[in-house]
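Engineer: Below you'll find the structure I mean.
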Number of protein chains: 2
Amino acid sequence: MRTGWSELALELDRGSIVPIYRQMYERLRELILAGALPEGTRLPPERSLAERLSVNRSTVVHAYRDLAADGLIEQRVGSGSRVAALGGGGRPDRTSGVPWWVTLPPWRVGQFPAVLGELAASEHGGLIAFVQGVPPAEPSPLADLSRSFARVGGDVNYVLTYGDSEGYAPLREAIAVRMRGRGCPVDPRDVLMLTGSTQGITLVAQSLAEPGDEIVVEAPTYPGALQIFQIAGLRAISVPVDEDGMRVDHVEAILRTRRPRFIYTMPSIHNPTGATMNDDRRTRLVTLARRYGVPIVEDDPYGELADSPVPPLLARDAEYVLYLSSFSKTIAPSLRLGWLVAPRTIYERLLLRKQSYDMASSMYIQAGVRDYLETGYDAHIDALREELLQRRAIAREAIERWWPPTMRVANGDGYYLWGTAPRELRARVLLASAERAGASFLFGEAFFAQSGGDHNFRVALTPVARGAIAEGIRRIGEAAR
Amino acid sequence: MRTGWSELALELDRGSIVPIYRQMYERLRELILAGALPEGTRLPPERSLAERLSVNRSTVVHAYRDLAADGLIEQRVGSGSRVAALGGGGRPDRTSGVPWWVTLPPWRVGQFPAVLGELAASEHGGLIAFVQGVPPAEPSPLADLSRSFARVGGDVNYVLTYGDSEGYAPLREAIAVRMRGRGCPVDPRDVLMLTGSTQGITLVAQSLAEPGDEIVVEAPTYPGALQIFQIAGLRAISVPVDEDGMRVDHVEAILRTRRPRFIYTMPSIHNPTGATMNDDRRTRLVTLARRYGVPIVEDDPYGELADSPVPPLLARDAEYVLYLSSFSKTIAPSLRLGWLVAPRTIYERLLLRKQSYDMASSMYIQAGVRDYLETGYDAHIDALREELLQRRAIAREAIERWWPPTMRVANGDGYYLWGTAPRELRARVLLASAERAGASFLFGEAFFAQSGGDHNFRVALTPVARGAIAEGIRRIGEAAR
């Protein structure tokens, strides 16, 4: 059986960070699931397709292998690859004799499957890499933190134990006290310790929604969250962000006609724009949440670093706001420690699922951080806030000096600058030439659930030495010219 | 609308550790989903149901609240509770104005929802509590471990970083070397570091299967795994364990007619029985896996502690065996550090989902453990193995002396003793009187996916002082008489 296969287009973007084999896989998958390549259609032999598309044969082999792993095609030695018979949901019946990895459930990966890994990965070669959202090396928490860990590391009760799944009680208490200081009515029993706030995003994605459900996200937003929502099978509806934060009028328009499971927002020092939502929008957002019965997931890893701190959304509504934060940006990412504040109506449900992820977050880490909160944290946060201001000032001065006037960054606060390249310059092209000039950053598309961001890019000011910022900015300017 | 509600039975087990409100919830849920209580059926007022069943009113309030949270009933002030209109899958349409937590997706919890928390929780009052699977306080790894952490804690690259999601490369290398020493052909690239092996169980449950899929488990087996499979919506088919391990003949019978997604087994020092699968069964199991195209998930947190170590199943088949292990039982649970060895066919899929759980496992912990593997681990493991042998000998001697001859424990190795109470004595009843006598343990039902274990119980020998073992065993014997 032959269809008009040879006429079908397989457009590949050779400038993308998405590997070519993965792009081929995605295009073919769409064609198969859309019925454009019906059951039994013979795919071109690997070698001839590779030649036609000018790619390595191994690229095609890879793509076919992944299609087979998703059960979308069948590969038989001698007779090549054919589109498989799809049962409901695109999964073929499993039959004896087929290797188990061929018939696995569908694998949901986003447009940029590597993005979480990219954000986690270690630094690249000799570039001035404005990529990762790690804290600056100075001011350093290390000396005080080491002392805290030395104090707890000799105690059996902090080391040879799992601890409670809710978290270490004195740490939950300390966090509740601090959150009350920020205007939020938090009881220690409302606090659930997390192994980083990434865990919290997956926790709410899996507990509050089911695959196929819709949610509301900002555009742009944190790419790690987009990847998590994709893996959880959720469909993101995007709402733009401007310098006053999320466009709440768009949220209202969506809630009038759709039933999203939750609204994911970073209202304070938004990643990547640095924007903080204004008071008016905050009031409207929580009003809408209550009126339409849709909870807000407030992701707040940066809020404590604000030059002029604003109370979290949680301060306005503790029933409709689930609050997430982390010590990754304020102390150190290697702690893998964050927390969630949830209303009683949902707490137990979240707790049981959190247990299924890792029983409990490390008691040793929790006890060490609790000690550090009392001994080094406040001074460190003050110094870090000051450091961020200085880094932003250095970067802005360099931008004024070195960038073409048509290339600008958004006003904002915190770790990142959100740039917009001139109309004729795509950010991926800018990145390629910046890398040649010796600087790198993240291009904008990864921050959007749907299209968008072609001309945007994020410059992280913290992973490089302070003294290298101006030179890195200069190199990006050189690349733009 | 009235149905024959008042005649419907609501059987409650007052001896169960499942809270009464949860039992009520479960029974009512079954009746609603089975159609025995159709849409619109008015539930009895809380007060009158409480009186009829002789429970507190708050118990009924709790149960109704959870039913409402699952969208199974509607509660209106003034008109009481009615069975809701159910759409497909038992979820009612979400309508504006209903609080968001009422219309959440169905909440899957097991028969013993608190069991993971119980396993993680800190010790109970003044009892000799043979409950948790924590390492003994002696031999202590703490001094060497503290030194290892002191060595890495001052380094920015170990603290102010996320590290790679796959794990810290030198640690993966060290693990691969050790696994090769145990007969497994492991390349460092096959190793995925985990935040405890609990994370690995959830990882395979969510990556290899979909809600509604079947899997094969042992009976008895680790209750934490059962809870995870329940939350993931998987249906467990049980296979008995005897003193030579899993009954592989039963596995074969199942594979002839069913298509489970994977076989979950602890072939070395099985939890709770302490059994190690014999050579013959190991050979048959991997043969079956390959013949029927069903992967094996080998959970091996205790294997290195065996008095006469046996190579893992992974040594026999690296394509059909996914291997999980942990440092929780060999060093310390508070490290929350484990690892997975997976074939290339599935590695990337697991990696992306692991990223969605917590980006990467703590780099600080990983670097510290890597240092400890070189400086303290081998001596510690040897001492720990010896300590376990001594504890088992002490316990067996006390059992001979103090227990009725009709109450026995299985032969085995490792942390636990698996007891069988006499025919006329249920283990829960034994537990209640043991607690009065000043000792506790885990009763057997939690270790079974289906029925079973009424007369079994698990005695963990490690969480108590060595000197308290004999006295604790004596108290259990006293309770049995």
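Every number here is computed from the coordinates shown, using simple stated rules; none is lab data. Worth saying up front: this structure is predicted, and the values here are computed from it rather than measured. Cβ placement follows ideal geometry from the backbone for every residue including glycine, while neighbour counts extend to all protein chains displayed.
Engineer: Tell me, what HN-Hα J-couplings in whole Hz come from the Karplus equation 6.51 cos²θ - 1.76 cosθ + 1.60 at θ = phi - 60° for each residue of the range A:273-289, using x for Gly and Pro?
Structural biologist: Rounded to whole hertz, the list is 7, x, 6, 10, 4, 6, 4, 4, 5, 4, 4, 5, 5, 5, 4, 5, 4.
Engineer: Still on this model: Considering amide H positions built from the backbone, and no H for Pro or chain starts, which residues 5 or more places from B:TRP339, or on another chain, come under 5 Å of its amide H?
Structural biologist: Those lying under 5 Å, H to H, from B:TRP339 are B:LEU194, B:SER325, B:SER326.
Engineer: What does the charge dipole of the range B:142-376 about its Cα centre add up to, to the nearest 20 debye, if the Cβ of each Lys and Arg holds +1 and the Cβ of each Asp and Glu holds -1?
Structural biologist: 400 debye
Engineer: Taking only the alpha-carbon positions of chain A and ignoring solvent, what does the Debye formula give for the base-10 log of I(q)/I(0) at q = 0.06 Å⁻¹?
Structural biologist: Normalising to I(0) and taking log10 leaves -0.31.
Engineer: Tell me which aspartates and glutamates have Cα within less than 13 Å of A:LYS354's Cα, excluding those fewer than 8 residues away on the same chain?
Structural biologist: The reachable aspartates and glutamates, counting only those whose Cα sits under 13 Å from A:LYS354, are A:ASP164, A:GLU166, B:ASP358.
Engineer: What are the residues whose amide H is under 5 Å from the amide H of B:ARG235, where those residues sit 5 or more places off or on another chain and H is modelled from the backbone?
Structural biologist: Distant-sequence amide H within range of B:ARG235: B:GLY212, B:ASP213, B:GLU214, B:ILE215.
Engineer: Hey, how many Å between the Cα centroid of the range A:407-444 and the Cα centroid of the range B:255-319?
Structural biologist: 52 Å
Engineer: Counting only other chains, and only Cβ atoms inside 10 Å, what mean value do you get across the residues of A:346-353? Write down the numbers at each step before the final one.
Structural biologist: Values: counts 5, 0, 7, 8, 0, 4, 12, 7.
Per residue, the average neighbour count from other chains is 5.
Engineer: Using the Karplus curve 6.51 cos²θ - 1.76 cosθ + 1.60 with θ = phi - 60°, what ³J(HN,Hα) values do you get for each residue of the range B:317-330, in whole Hz, with x for Gly and Pro?
Structural biologist: Once rounded to whole Hz, the list reads 7, 8, 9, 10, 10, 9, 10, 10, 8, 7, 9, 5, 9, 9.
Engineer: Further, regarding this structure: Between copies, how far apart are the B:ARG259 label points? List them in nm, one decimal, shortest first, with each point 7 Å from Cα toward Cβ, please?
Structural biologist: 3.2
Engineer: In debye, nearest 20, what is the charge dipole magnitude of chain B about its Cα centre with +1 on Lys and Arg Cβ and -1 on Asp and Glu Cβ, if you could check?
Structural biologist: So the dipole magnitude of chain B works out to roughly 1120 debye.
Engineer: Something else about it: Relative to the other copies, what are the label-point distances for A:ARG57, with labels 7 Å from Cα along the C-beta vector, expressed in nm at one decimal and sorted shortest first?
Structural biologist: When each copy's label point is compared with this one, the spacings are 8.0 nm.
Engineer: Additional query: Going 7 Å from Cα along the Cα-Cβ axis for the label, what nanometre distances separate A:ALA432 from the same residue across the other copies?
Structural biologist: The projected label point of A:ALA432 is separated from its counterparts by 7.5 nm.
Engineer: Let me ask something else. How would you classify the range B:178-246 from its alpha-carbon gyration tensor, with a ≥ b ≥ c the square roots of the eigenvalues: rounded for a/c under 1.5, else prolate if a/b is greater than b/c, otherwise oblate?
Structural biologist: oblate
Engineer: Calculate, for B:ARG42 and A:ASP307, the FRET efficiency according to 1/(1 + (r/R0)^6) with r their C-beta to C-beta distance and R0 60 Å; round to the nearest 0.05.
Structural biologist: The computed FRET efficiency comes out at 0.55.
Engineer: Per q in 0.05 Å⁻¹, report the Debye log10 I(q)/I(0) for the protein assembly as shown, using one uniform scatterer on each alpha carbon and no solvent.
Structural biologist: -0.30
Engineer: With runs of 4+ DSSP H residues as the only contributors, calculate the mean residue ellipticity of chain A at 222 nm using -39,500 (n - 2.57) per run, divided by the residue total and rounded to the nearest 500.
Structural biologist: Rounded to the nearest 500, the figure is -12500 deg cm²/dmol.
Engineer: I want to check the label-to-label distance for B:ALA465 and B:GLU214. Put each point 7 Å from Cα in the C-beta direction and report it in nm to one decimal.
Structural biologist: About 5.1 nm, to one decimal.
Engineer: Now a separate question. Between beta-carbons, use under 12 Å as the cut-off and find the net charge around B:ILE215, counting Lys and Arg +1, Asp and Glu -1.
Structural biologist: On the way: positive: B:ARG235, B:ARG258, B:ARG259, B:ARG261; negative: B:GLU210, B:ASP213, B:GLU214, B:GLU218.
Here the count lands on 0.
Engineer: Based on C-alpha coordinates, I'd like the Rg and Dmax of the range A:142-375, in Å.
Structural biologist: 17.5, 58
Engineer: Would you mind giving the mean number of other chain beta-carbons within 10 Å of the Cβ of each residue in B:327-334, as a whole number?
Structural biologist: Other-chain Cβ atoms within 10 Å of each residue's Cβ, averaged: 5.
Engineer: With unit charges on the beta carbon (Lys/Arg positive, Asp/Glu negative), name the residue among A:ALA306, A:MET266, A:SER146 whose Cα is farthest towards the positive pole of the charge dipole of chain A.
Structural biologist: Positive-end residue among those listed: A:MET266.
Engineer: Give me a single rounded figure for A:42-53: the average over its residues of other chain Cβ atoms within 10 Å of their Cβ.
Structural biologist: Averaged over the peptide's residues, the number is 0.
Engineer: Distance in nm between label sites at B:ASP242 and A:VAL77, each 7 Å beyond Cα in the beta-carbon direction?
Structural biologist: 3.9 nm
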